[in-house]
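The values are calculated or read from the model by the stated rules, or taken from the named source; none is laboratory data. Since we're looking at a predicted model, the values are computed, not measured. Note: ideal-geometry Cβ built from the backbone for every residue, glycine included; neighbour counts use all protein chains shown.
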Amino acid sequence: MIIEWDEECQSCKGTGLYVGVGMHDGAAVVCRHCEGTGCFHFKHRYVPFAARRPREGVVRVFQTGWTSGGGIPYLSWWNGESFPPGSEDREHTCPCEFYQYADSERKPQWAECGWGRFSDCKQFPEKRRCWERFDKEGL
């Protein structure tokens, strides 16, 4: 399927001329997005969604890019199961770091967590304790 329409060019605000930072004293260039027409033609090809399709070759699914530990079997994910406690990569991340990317609403807001890089946090070497606290607090 294809959807398409004409819209005012956002780059030149419909003028057909672009005035950039390096242009002064009344200088402008022909807008490269609309080729000077002021009208941008949007066209997008797509396949209508019918149903989620299986992904061949996948055996394990992870919530984030940390794939060194945790995760759940592909079939569990496919069947709609949630990621249970312990499916995080607890060996390499702390709860704050992991859930900043996986589910920011579950990210702990603990006062003692360091700012900056997570690995610089003074609690990070003892992240096992942070995970124990995370589990105990039911976050």
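Just a few scattered comments:
- The set of residues in region 12-47 being in contact with a strand residue (DSSP E or B) (Cβ under 7 Å, 6 or more places away or on another chain) and either of a type in the set (Asp, Glu) or closer than 26 Å to MET1 by Cβ (or both) consists of HIS33, CYS34, CYS39, PHE40, HIS41, PHE42, LYS43, HIS44, ARG45.
- Test: residue in region 88-103 that is farther than 30 Å from ILE3 by Cβ and loosely packed, with under 12 Cβ neighbours inside 10 Å: no
- You will find that of GLU88, GLU56, GLU81, the residue that is closer than 22 Å to PHE124 by Cα and of a type in the set (Asp, Glu) is GLU88 and no other.
- Residue within region 47-60 that is in contact with a Gly (Cβ under 9 Å, 6 or more places away or on another chain) and either under 30 Å from PRO95 (Cα atoms) or surrounded by 13 or more Cβ atoms within 10 Å (Cβ to Cβ) (or both) present: yes
- Residue ID - surrounded by the fewest Cβ atoms within 10 Å (Cβ to Cβ), chosen from residues in region 20-44 that are modelled with pLDDT under 95 and hydrophobic (A, V, I, L, M, F, W, C): VAL21
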